[in-house]
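The values are calculated or read from the model by the stated rules, or taken from the named source; none is laboratory data. These numbers were taken from a predicted model, which means no experiment stands behind them. Using ideal geometry, Cβ is built from the backbone for each residue, glycine included, and neighbour counts are taken over all protein chains shown.
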Amino acid sequence: MTEHRLTHVDESGQARMVDVGDKPATSRRAAARGEIRMAEETLAQIVGGRLKKGDALTVARVAGIMAAKKTWDLIPLCHPLALSHVSVDLIPKPGEGRIEIVAEVRCEGPTGVEMEALTAVAAAGLTLYDMAKAMDRGMIITGIGLMEKSGGRSGTWVRDEKGPGIV
């Protein structure tokens with residue numbers, strides 16, 4: 001087993017922000033996915049734009065994009081990044097009672113954008129929950145995971161399977 005040094009912990013075991021000042025800027029990309037499961041009637045109301053709070057799919061997409069841009073402000077020790085692209089796709093799955101959430105993030109920078117993609121998925125799911133909770137408090141946000149990343153010293157990584165909990 002390869003030994004991995006924890007980069008966010010200093011020699012005395014204290015949390016620290018990684019110094020990326022000497023790392024070259026490279027093209028970075030990450031994609032993440034997750035889903036929110038719900039009753040079929042809830043899904044129909046969301047897809048039909050009939051929720052009392054408004055167009056949940058549009059609001060969730062914007063929330064995901066905004067969250068990716070603010071990841072550094074939400075997750076301790078993350079660096080602020082100048083993102084060049086954020087997309088959040090919400091894919092309703094009628095008959096399955098779920099909406100798949102897929103985010104892609106890109107930038108030119110000294111550190112990766114995996115956390116930004118994951119944060120976008122989580123925020124979009126939480127926004128869907130908030131907008132539809134009046135009719136379905138039993139919704140479950142699940143399966144959030146990194147699907148692939150590229151760029152930087154570690155190069156390209158692609159999930160070789162869908163993984164546990166990922167549909």
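Can you find a residue that is surrounded by fewer than 22 Cβ atoms within 10 Å (Cβ to Cβ) and without any contact (Cβ under 8 Å) to a residue 40 or more places away in the chain anywhere in the stretch 135-144? Yes: the stretch 135-144 contains one or more residues that are surrounded by fewer than 22 Cβ atoms within 10 Å (Cβ to Cβ) and without any contact (Cβ under 8 Å) to a residue 40 or more places away in the chain.
Within the stretch 145-162, the set of residues being part of a loop (DSSP other than H, G, I, E, B) and surrounded by 13 or more Cβ atoms within 10 Å (Cβ to Cβ) comprises G151, G152, R159.
Looking at the stretch 6-16, is at least one residue part of a loop (DSSP other than H, G, I, E, B), at pLDDT 95 or above and surrounded by 12 or more Cβ atoms within 10 Å (Cβ to Cβ)? Before the answer, list the steps.
First pass over the stretch 6-16, keeping only residues part of a loop (DSSP other than H, G, I, E, B): 6-8, 10-14, 16.
Add one more test, that the residue is at pLDDT 95 or above, and what stays is none.
No: zero hits.
Scanning the stretch 51-73 for residues that are in contact with a helix residue (DSSP H, G or I) (Cβ under 8 Å, 6 or more places away or on another chain), of a type outside the set (A, V, I, L, M) and under 11 Å from M135 (Cβ atoms) turns up just one, K53. Taking the conditions (1) closer than 17 Å to I141 by Cβ; (2) among the basic types (K, R); (3) exposed (fewer than 15 other Cβ atoms within 10 Å of the Cβ) in turn, K52 satisfies each one other than (1). Of all the residues in the stretch 22-58, those that are more than 23 Å from R106 (Cβ to Cβ) and of a type outside the set (D, E) number 18.
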